[in-house]
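Values in this text are rule-based calculations from the coordinates and carry no lab data. These numbers were taken from a predicted model, which means no experiment stands behind them. Note that each Cβ is placed from the backbone with ideal geometry, even for glycine, and that neighbours are counted across all protein chains shown.
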Amino acid sequence: MTVDLDELRRLRRARSRVDRDHAEPLDVPSLAAAAFMSTAHFSRRFRAAYGETPYAYLMTRRIERAQALFRSTDLSVTEVCMAVGATSLGSFSTRFTELVGMTPTQYRAADHDALAGVWSCHTMIVTRPVARPVRAGSEKRRDTSQS
């Protein structure tokens, strides 16, 4: 699939809105409307252009901001969750753990001294959350033997 320049410009505008307004109540339908596309088409084209869905991109931005807040403030996990625009503490913690590899509480308690004095643009690159693949055999299986 190729992306024409006008479509790419609209996708970039939506991505920039996520970068800028990640703490606001954003959803895929409103981003799609701003890009003058249907929700399904927007999601497909965004993923083709940027390698992840609009929602995954939004959550990655929120988790990045949460990491920065955990490193620089004493806010509680709940306060950070709300500050980055997440509405569910459980979903936020689950997604944080999936992307970062540790719980928000573990991340806050970790030693971040190695990042002291590193430019913020480099810190962002080094600490960028990346979806971790599920290891074979680690999926939770539902036990139906007691039904």
Quiz item: Does Thr53 meet the test of being closer than 30 Å to Asp113 by Cα and of a type in the set (Val, Ile, Thr)?
Solution: no
Quiz item: Just wondering, is there one or more residues in segment 67-76 that are loosely packed, with under 14 Cβ neighbours inside 10 Å and touching a residue at least 12 places away in the same chain (Cβ under 8 Å)?
Solution: no
Quiz prompt | For Phe36: the one exception among (1) exposed (fewer than 14 other Cβ atoms within 10 Å of the Cβ); (2) touching a Pro at 6+ places or on another chain (Cβ under 8 Å) | solution = (2)
Quiz item: So which of Glu7, Glu24, Glu52 is surrounded by fewer than 15 Cβ atoms within 10 Å (Cβ to Cβ) and more than 12 Å from the chain's Cα centre (by Cα)?
Solution: Glu24
Quiz item: In segment 39-48, which residue that is within 17 Å of the chain's Cα centre (by Cα) and of a type outside the set (S, T, N, Q) is surrounded by the most Cβ atoms within 10 Å (Cβ to Cβ)?
Solution: Phe46
